[in-house]
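Notes for the one structure printed next.
Values in this text are rule-based calculations from the coordinates and carry no lab data. Fair warning: this is a prediction, and the values are worked out from it, not measured in the lab. Reconstructed Cβ throughout: ideal geometry from the backbone, glycine too, with neighbour counts over all protein chains shown.
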Amino acid sequence: MRYRFFLLSILVFIATVPTFSQNDKDEHINPEDLEVDMDNPTFEPKVRVGKALLGKDSVQYVELNNVYVFPAPIFKNAEERAAYNRLVYNVKKVLPIAKEVNRIIIETYEYLQTLPNKKAKDEHMKRVEVSIKKEYTPRMKKLTYAQGKLLIKLVYRECNSSAYGAIKAFLGPIRAGFYQAFAALFGASLTKKYDPNGVDRLTERIVLQVESGEL
C-alpha cells in the first residue's frame, strides 16, 4: 500500500508546484494539450451491451451512462456566471489528468504485486519516480494555479487520499510538513480533501455531468 501512497505523493506534489517555462514539447497529445470544447462532451457517453441469464433464457441488455438531472444554475450576476463557466472549463481540462493519475497508480501497484521481493519493488519504484518526474513536470507547467489546485482535489476524489496523507505515510511527518509549507507559499494546500456534499458540491455536480457526457 505504501507504494500507492508514494506514487500519489509524487504526482500530486508536481501539480502543486508552479513553474513558468512553456517550451517543453510532448511527443503525443495529452489531456492538458487538448482544446477545451465548452459546447461538446469531454467524455463520450459509453454504451455497454451484454447478456444475462433469465431462467433458461439468455436476455440481451444495454447499459448506459448514468444521467444526472440538476436544477438549472441560478446566477445573481455576470461575475457568478463567469465563475461557473471557469469552473466547468477547468474541470474539463484537469479531470482527464486526475483519472490518468489514478490509472497509473492502480496499474503500477498491480505490477508491483508480481515482483518477488522488497528489493525488486524498491528498484522498480525508483525507476517509476524518475519516469513520472520526467513526464509530468513539463506537463504540469501548462496548468494555471487554479487548475493545479483543482487537480489536487480531483486526484483526491479519484484516489481517495489527500496529498499530505500520502506524503506523510511514505516520507514521514517532518518532510510532509515541509512540502505543505512550500505548497502554502503558492496558495495551495496538500491537506485539502474533497467534500462532494459540502464546499465542493458544485464541483461534484460538474464532475458528474462531465463524466456522464452531459458537459
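Scoring 104-111, 71-78, 119-126, 143-150 by mean Cβ neighbours within 10 Å over their residues and listing the highest first yields 143-150, 104-111, 119-126, 71-78. The amide H of F43, built 1.01 Å from its N in the peptide plane, has G213 as neighbours under 5 Å, considering only residues 5 or more places off or on other chains. Model label points for R201 and Q113, set 7 angstrom from Cα along the Cα-to-Cβ axis, are 3.8 nm apart. Sequentially through region 72-87, phi angles give Karplus couplings (6.51, -1.76, 1.60; θ = phi - 60°) of 4, x, 10, 10, 6, 7, 5, 5, 5, 4, 5, 5, 5, 5, 5, 5 Hz, Gly and Pro residues having no value and appearing as x. Using a/c under 1.5 as the rounded threshold, could you call region 65-111 rounded, prolate or oblate? The axes a ≥ b ≥ c are square roots of the C-alpha gyration tensor eigenvalues, and prolate needs a/b larger than b/c, oblate otherwise. Because a/c hits 1.5 or more and a/b fails to exceed b/c, region 65-111 counts as oblate.
Each label point was placed 7 Å from the Cα along the Cα-to-Cβ direction; for V49 and R81 their separation is 4.3 nm.
Note that region 30-44 has calculated 3J(HN,Hα) couplings of 9, x, 6, 8, 7, 5, 6, 9, 6, 9, 9, x, 6, 10, 6 Hz, one per residue in order, obtained from phi through the Karplus relation 6.51 cos²θ - 1.76 cosθ + 1.60 (θ = phi - 60°); glycine and proline are x.
When the C-alpha to C-alpha distance is required to be over 28 Å, the pairs from K46/K126; K46/K93; K121/K142; K93/K134; K93/K193 that qualify are K46/K126; K121/K142.
Model label points for V62 and D39, set 7 angstrom from Cα along the Cα-to-Cβ axis, are 2.7 nm apart.
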